[in-house]
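So the structure is just underneath, and the comments pick up after that.
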Amino acid sequence: MKVERLAIPDVILVTPPRFSDNRGFFSETYNIDRMKDAGITLPFVQDNQSLSRQKGVVRGLHCQLDPHAQGKLVRCTKGAIWDVAIDARTGSPTYGKWVAAELSEENWSQLWIPPGFLHGFCTLTENAEVQYKCTGLYDKASERAVIWNSKELAIDWPIKPEEAVLSDKDLEAPEFSAAKGWFEYK
C-alpha cells in the first residue's frame, strides 16, 4: 500500500495495490493493520455511497461537530472526483488551509480526512460514484457546512462557479469564518 502525507500531514493519500489479470482485478481496499501502520487508527462505523450523474457536481463543504465528528476514508470507484479537505481546528498551525487530491477509478487512491476537517468534492466526470467510510454515525443536529467557494479559503476548484451543480442546502452555507470554534486543535 502506498501512503503519502499531503501538505497538511494529518491528511493522508492511500493507494492500495490492484492485482490484474485477464478476468479483471482484485484489491484489498481496507485492512485495519495496514491502516494503523499508515496512521489511520480510528474505527469505522458507517459506510456511505453517492452517485453524481453530472460533471461539476459539488458536494460540501461538510462536517459534523463533536461528539459526532467524523473522520472519512474517501474513494471514487467510478469516474473521477477532486476531493478537498480543509483544516477547521481552531489553533491548528494549518487552520483554514486546504489540500486536495484527484481520486478516480483509474488511480485507485483513497483520501483520509480526520475529524475536525471540512470535506467536499467536485465531480470531474459524469456518473461519478464515491464510497467512504466514516468514524462517526450521521447526526443531523451536529451537521455543519461552509460554502464551497468561500472567499476566505480561496480553494482552487477545477470548475468555474457557473458550472457548479449544488444542492439548495450547500448554496446557502456560510463563509469559513462561521466555522471558528467548531473544533479545537489538540
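The values are calculated or read from the model by the stated rules, or taken from the named source; none is laboratory data. All figures in this text were calculated on a predicted structure; none of them were measured in a lab. Ideal geometry is used to build each Cβ from the backbone, glycine not excepted, and the neighbour counts take in all protein chains shown. With ligands, DNA and RNA removed, areas are computed over all heavy atoms of the protein, side chains included. Shrake-Rupley method; radii C 1.70, N 1.55, O 1.52, S 1.80 Å.
Please specify each residue of the stretch 115-164 satisfying the condition of being open to solvent by less than 40 Å² (accessible area, probe 1.4 Å), polar (S, T, N, Q) and part of a strand (DSSP E or B).
Across the stretch 115-164, the qualifying residue is only Thr123.
Has the stretch 172-186 got any residue that is in contact with a helix residue (DSSP H, G or I) (Cβ under 7 Å, 6 or more places away or on another chain) and more than 30 Å from Gly24 (Cβ to Cβ)?
First, the residues of the stretch 172-186 that are in contact with a helix residue (DSSP H, G or I) (Cβ under 7 Å, 6 or more places away or on another chain): none.
Checked the stretch 172-186: no residue is in contact with a helix residue (DSSP H, G or I) (Cβ under 7 Å, 6 or more places away or on another chain) and more than 30 Å from Gly24 (Cβ to Cβ).
Can you name the number of the only condition in (1) buried (at least 21 other Cβ atoms within 10 Å of the Cβ); (2) assigned to a strand (DSSP E or B) that Gln70 fails?
Of everything listed in (1) buried (at least 21 other Cβ atoms within 10 Å of the Cβ); (2) assigned to a strand (DSSP E or B), Gln70 misses just condition (2).
Which condition does Gly96 not pass, out of (1) farther than 30 Å from Leu171 by Cβ; (2) touching a helix residue (DSSP H, G or I) at 6+ places or on another chain (Cβ under 9 Å); (3) part of a loop (DSSP other than H, G, I, E, B), if it passes all the others?
(1)
From Trp112, Trp108, which residue is touching a strand residue (DSSP E or B) at 6+ places or on another chain (Cβ under 9 Å), farther than 17 Å from Glu152 by Cβ and assigned to a loop (DSSP other than H, G, I, E, B)? Walk me through how you get there before you give the answer.
On the way: Trp112 fails: assigned to a loop (DSSP other than H, G, I, E, B).
Going through Trp112, Trp108 in turn, just one is touching a strand residue (DSSP E or B) at 6+ places or on another chain (Cβ under 9 Å), farther than 17 Å from Glu152 by Cβ and assigned to a loop (DSSP other than H, G, I, E, B): Trp108.
Checking His68 against (1) touching a residue at least 12 places away in the same chain (Cβ under 8 Å); (2) closer than 26 Å to Asn127 by Cβ; (3) in contact with a Phe, Trp or Tyr (Cβ under 9 Å, 6 or more places away or on another chain); (4) not acidic (Asp, Glu), which single condition isn't satisfied?
His68 satisfies all of (1) touching a residue at least 12 places away in the same chain (Cβ under 8 Å); (2) closer than 26 Å to Asn127 by Cβ; (3) in contact with a Phe, Trp or Tyr (Cβ under 9 Å, 6 or more places away or on another chain); (4) not acidic (Asp, Glu) except (2).
Among the residues of the stretch 131-161, which ones are of a type in the set (S, T, N, Q) and either in contact (Cβ under 8 Å) with a residue 24 or more places away in the chain or over 19 Å from Ser177 (Cβ atoms) (or both)? So that I can check it myself, show each step before the final result.
The first filter runs over the stretch 131-161 and keeps only residues of a type in the set (S, T, N, Q), leaving 131, 135, 142, 149-150.
Across the stretch 131-161, the qualifying residues are Gln131, Thr135, Ser142, Ser150.
Would you check which residues across the stretch 130-170 are of a type in the set (Lys, Arg) and closer than 26 Å to Gly79 by Cα and list them?
Of all residues in the stretch 130-170, those of a type in the set (Lys, Arg) come to 133, 140, 144, 151, 160, 169.
Lys133, Lys160, Lys169, listed by residue number.
Can you find a residue that is out of contact with any Gly (no Cβ under 9 Å at 6 or more places or on another chain), assigned to a loop (DSSP other than H, G, I, E, B) and hydrophobic (A, V, I, L, M, F, W, C) anywhere in the stretch 15-30?
Residues of the stretch 15-30 that are out of contact with any Gly (no Cβ under 9 Å at 6 or more places or on another chain), as a first pass: 15-30.
Adding the requirement that they be assigned to a loop (DSSP other than H, G, I, E, B) leaves 16-18, 22-23, 27-30.
From what is left, the residues that are hydrophobic (A, V, I, L, M, F, W, C) are none.
No, there is no match, as no residue in the stretch 15-30 is out of contact with any Gly (no Cβ under 9 Å at 6 or more places or on another chain), assigned to a loop (DSSP other than H, G, I, E, B) and hydrophobic (A, V, I, L, M, F, W, C).
Would you mind telling me which numbered condition in (1) open to solvent by less than 90 Å² (accessible area, probe 1.4 Å); (2) outside any loop (DSSP other than H, G, I, E, B); (3) touching a Phe, Trp or Tyr at 6+ places or on another chain (Cβ under 8 Å) Leu51 fails?
Going through the list (1) open to solvent by less than 90 Å² (accessible area, probe 1.4 Å); (2) outside any loop (DSSP other than H, G, I, E, B); (3) touching a Phe, Trp or Tyr at 6+ places or on another chain (Cβ under 8 Å), Leu51 breaks only (3).
Which of the residues spanning the stretch 165-178 are closer than 21 Å to Gln54 by Cβ, assigned to a helix (DSSP H, G or I) and either open to solvent by less than 60 Å² (accessible area, probe 1.4 Å) or of a type in the set (A, V, I, L, M, F, W, C) (or both)?
At the first step, the residues of the stretch 165-178 found to be closer than 21 Å to Gln54 by Cβ are 165-173.
Now restrict to residues that are assigned to a helix (DSSP H, G or I): 168-171.
Asp170, Leu171 - these are the residues of the stretch 165-178 that are closer than 21 Å to Gln54 by Cβ, assigned to a helix (DSSP H, G or I) and either open to solvent by less than 60 Å² (accessible area, probe 1.4 Å) or of a type in the set (A, V, I, L, M, F, W, C) (or both).
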